[in-house]
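The values are calculated or read from the model by the stated rules, or taken from the named source; none is laboratory data. Everything numeric in this text was worked out from a predicted model, so none of it was measured. Cβ sites come from the backbone with ideal geometry, for glycine too, and all protein chains shown count toward neighbours. Just so you know, the surface numbers come from the protein's heavy atoms only, side chains and all, with ligands and any DNA or RNA stripped out. Shrake-Rupley method; radii C 1.70, N 1.55, O 1.52, S 1.80 Å.
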Amino acid sequence: QVQLVESGGGLVQSGGSLGLSCAASGRTFSTYHMGWFRQAPGKEREFVARILASGGATDYADSVKGRFTISRDNAKNSVSLQMNSLKPEDTATYYCAGSRAAYSRNRYAYDSWGQGIQVTVSS
């Protein structure tokens, strides 16, 4: 397990941008596939983006493709999510997650989770 802490959330107007960061502790960060998930009140936690442990591949949910970018810096033990062209439906608590075993869209494949950070997009 790695310990994960998100930062960078807040309130932004529709069409605006926001960047999220996730700081990881632990010697094994570079061996973890990383993902971002989000959860709105009353809804299930859903996949947003994932990145291979090496950073060599990324993948996005259709709802955010072309607007969001996931990246990582293994030397700094961090993963980021740059969110552009934000929409009110992007409003949610965003979670950083790590999986030692799988590069996956499935939340059940992840064994480490951050505490979550709020992103609110106003219309």
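Looking across segment 1-22, the residues that are within 27 Å of residue 120 (Cα to Cα), open to solvent by 60 Å² or more (accessible area, probe 1.4 Å) and not hydroxyl-bearing (Ser, Thr, Tyr) come down to 3, 5, 11, 13. Among the residues of segment 108-121, those that are touching a residue at least 40 places away in the same chain (Cβ under 8 Å), open to solvent by 70 Å² or more (accessible area, probe 1.4 Å) and outside any loop (DSSP other than H, G, I, E, B) comprise 113, 118.
For segment 28-45, the set of residues classified as touching a strand residue (DSSP E or B) at 6+ places or on another chain (Cβ under 7 Å) and either at pLDDT below 95 or loosely packed, with under 15 Cβ neighbours inside 10 Å (or both) consists of 40 only. Against the definition (without any contact (Cβ under 8 Å) to a residue 60 or more places away in the chain, among the hydrophobic types (A, V, I, L, M, F, W, C) and either buried (at least 16 other Cβ atoms within 10 Å of the Cβ) or in a helix (DSSP H, G or I) (or both)), how does residue 79 come out, yes or no? It is true that residue 79 is without any contact (Cβ under 8 Å) to a residue 60 or more places away in the chain, among the hydrophobic types (A, V, I, L, M, F, W, C) and either buried (at least 16 other Cβ atoms within 10 Å of the Cβ) or in a helix (DSSP H, G or I) (or both).
Can you name the residue in segment 3-27 that is more than 15 Å from the chain's Cα centre (by Cα) and under 25 Å from residue 101 (Cα atoms) and is also modelled with the highest pLDDT among such residues? Once the filter is applied, the top-ranked residue is 25.
Take the conditions without any contact (Cβ under 8 Å) to a residue 40 or more places away in the chain and assigned to a loop (DSSP other than H, G, I, E, B) and apply them to residue 63. Does it pass? Here the answer is yes, as residue 63 does meet what is asked. Condition first: surrounded by 18 or more Cβ atoms within 10 Å (Cβ to Cβ) and either hydrophobic (A, V, I, L, M, F, W, C) or part of a loop (DSSP other than H, G, I, E, B) (or both). Now tell me which residues in segment 90-102 satisfy that. Listed by number, the residues that qualify are 91, 92, 96, 97. Kindly establish whether residue 71 is assigned to a strand (DSSP E or B) and open to solvent by 30 Å² or more (accessible area, probe 1.4 Å). Considered against the rule, which asks whether it is assigned to a strand (DSSP E or B) and open to solvent by 30 Å² or more (accessible area, probe 1.4 Å), residue 71 comes out as yes.
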